[in-house]
1. Could you put ARG124, ARG35 in order, starting from the residue whose Cβ has the fewest other Cβ atoms within 10 Å?
2. Give the calculated FRET efficiency between ASP96 and ASP150 to the nearest 0.05, with a Förster radius of 45 Å applied to their Cβ-Cβ distance.
3. By the scheme Lys and Arg +1, Asp and Glu -1, what is the net charge of all other residues having a beta-carbon under 12 Å from that of PHE32?
4. Full extension from LEU14 to GLN136: what is 0.36 nm times the residue separation minus their Cα-Cα distance, to one decimal in nm?
5. Mind checking which lysines have their Cα closer than 30 Å to the Cα of LYS62? Skip sequence neighbours fewer than 8 apart in that chain.
Amino acid sequence: MNYLLLIQFIVIPLISAFIGWFTNWVAIKMLFHPRDPKRILGITFHGIFPKRQRIFAEKLGKMISAEFLSFEDIAEKIANPQNLKKLMPMIEDHVDKFLRNKLSDEMPFLSLFIGDRTIASLKRIFMQELEILFPQLMKSYAGHLQEELDLEMIVTEKVSAFSSDKLESILFQIMSKEFRFVEILGGVIGFIIGIVQVLITFLFPT
């Protein structure tokens, strides 16, 4: 009798743990499978993500365009004076080469009248004007870019065009640990339920 009771204490929790793990494993698989609707015994089965991929893509597009990558943020970033200052040395070097080389090549007679002092003055004037012009130019460019590019639509179309295999692969790369935890949690809960069931049977025999 004790031997049979020991088997109950071991086997029933293990079976319950397997059922809990298997149930959660099936639930995770049903997030992605079946990829196409399948009708079985009058019930239509379709993976949650394949079924709602378009809705998922639309919500993701709205979230990215509104929260993560808005054109306002882009315009503010590229027009930031601190960022523009990083470009100034390269621009100044280009202006210097233009005044010293290209301008004299295109208009040789000017080289007779333009010396180092004049070039330095012209370069200083150009750089001052560019520092004023660039932020306005970048904001204007970002505005035109916003009119031409619908970021929300681009994200929506890209995600909607993902194959089911690719979508499943991406989500598993991101959430593989979480999915595994859910499977293990199902086994642990099932094991605990099995132990409780055995204890109830032992303490309250029929």
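The numbers here are math on the coordinates, done by the rules we state, and not lab data. Quick caveat, the model's predicted, so the values are computed rather than measured. Using ideal geometry, Cβ is built from the backbone for each residue, glycine included, and neighbour counts are taken over all protein chains shown.
1. With the sparsest Cβ surroundings first, the list reads ARG124, ARG35.
2. With R0 = 45 Å, the Cβ-Cβ based efficiency is 0.65.
3. Surrounding charge for PHE32 is +2.
4. Working: separation 122, 0.36 × 122 = 43.92 nm, distance 6.95 nm.
Here the segment from LEU14 to GLN136 would lengthen by 37.0 nm.
5. The qualifying lysines are LYS29, LYS51, LYS77, LYS139, LYS158, LYS166, LYS177.
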